[in-house]
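I have placed the structure first, in the form of structure tokens, so that the comments after it can refer back to it.
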Amino acid sequence: MKKLAIIVAVVVSVVSVWASPNIGLKGIGPRIGFVDPNGPDGTFTLGVVADMGTFAENVPWEIAATWWSSGEEWRSPGGVEYDWSYTDIALRTTAAYLFDLGGDLKAYPGGGLALHFMSFDWEGYTGGGESETDISIMLLGGFQFPIAEKWHGQAELQFEFGDESAEQTNIQLDLIYHLK
């Protein structure tokens, strides 16, 4: 999995050198959504997304930081109660290709990479915790639409593949303020 992530990073780097990039912070805003992780129950996710410009015409690059936490209670056959807590802080980088659907509405397919900082904590007969760092590969698609003169929104669906703990499906809404 890590070998594939390195290959994708090298391809993105080479393409950005050959293209006419317009890279730099172009916009920033909040990200809210719902995540269905592999393991714990689905929950809401919060974050921030940055529009980093374009690698080439109609190929925007974004970076994002997101957070979610979920918990559950479990009772062993012996009657011992456990409280589990799962938390994921993820750093994501994505690129997509924008298609004009007419008017100001655009659709896009894309992909990217994510670095997940996961923690698992529990209380009960014995308490403890673990943490791990995982990499996932994303496939995504969505719609981009104007909101106001300096704002646009994005509704997006992401599928993440990687180590078991990092696999998840995200439905999210981004509100991006244009800096320039």
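Data overview
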| item | result |
| --- | --- |
| Single match in E81, E73, E62 (criterion: without any contact (Cβ under 8 Å) to a residue 12 or more places away in the chain and either surrounded by 14 or more Cβ atoms within 10 Å (Cβ to Cβ) or in contact with a strand residue (DSSP E or B) (Cβ under 9 Å, 6 or more places away or on another chain) (or both)) | E73 |
| Given (1) in contact with a helix residue (DSSP H, G or I) (Cβ under 9 Å, 6 or more places away or on another chain); (2) modelled with pLDDT under 95, number of the condition A95 does not satisfy | (2) |
| Checklist (1) β-branched (V, I, T); (2) at pLDDT 90 or above; (3) farther than 23 Å from S69 by Cβ applied to V14, failing item | (2) |
| Search result, residues across the range 37-53 that are more than 13 Å from the chain's Cα centre (by Cα), within 24 Å of K106 (Cβ to Cβ) and crowded, with 20+ Cβ neighbours inside 10 Å | D51, M52 |
| Count of the range 111-150 residues which are in contact with a Leu (Cβ under 6 Å, 6 or more places away or on another chain) and among the hydroxyl-bearing types (S, T, Y) | 0 |
| Boolean, T133 is surrounded by fewer than 15 Cβ atoms within 10 Å (Cβ to Cβ), touching a residue at least 40 places away in the same chain (Cβ under 8 Å) and either part of a strand (DSSP E or B) or not charged (D, E, K, R) (or both) | no |
| Subset of the range 100-133 [acidic (D, E) and more than 24 Å from the chain's Cα centre (by Cα)] | D104, E123 |
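The values are calculated or read from the model by the stated rules, or taken from the named source; none is laboratory data. Everything quoted here is computed from the prediction, not taken from an experiment. For neighbour counting, all protein chains shown are included, and Cβ atoms are generated from backbone atoms with ideal geometry for every residue, glycine included.
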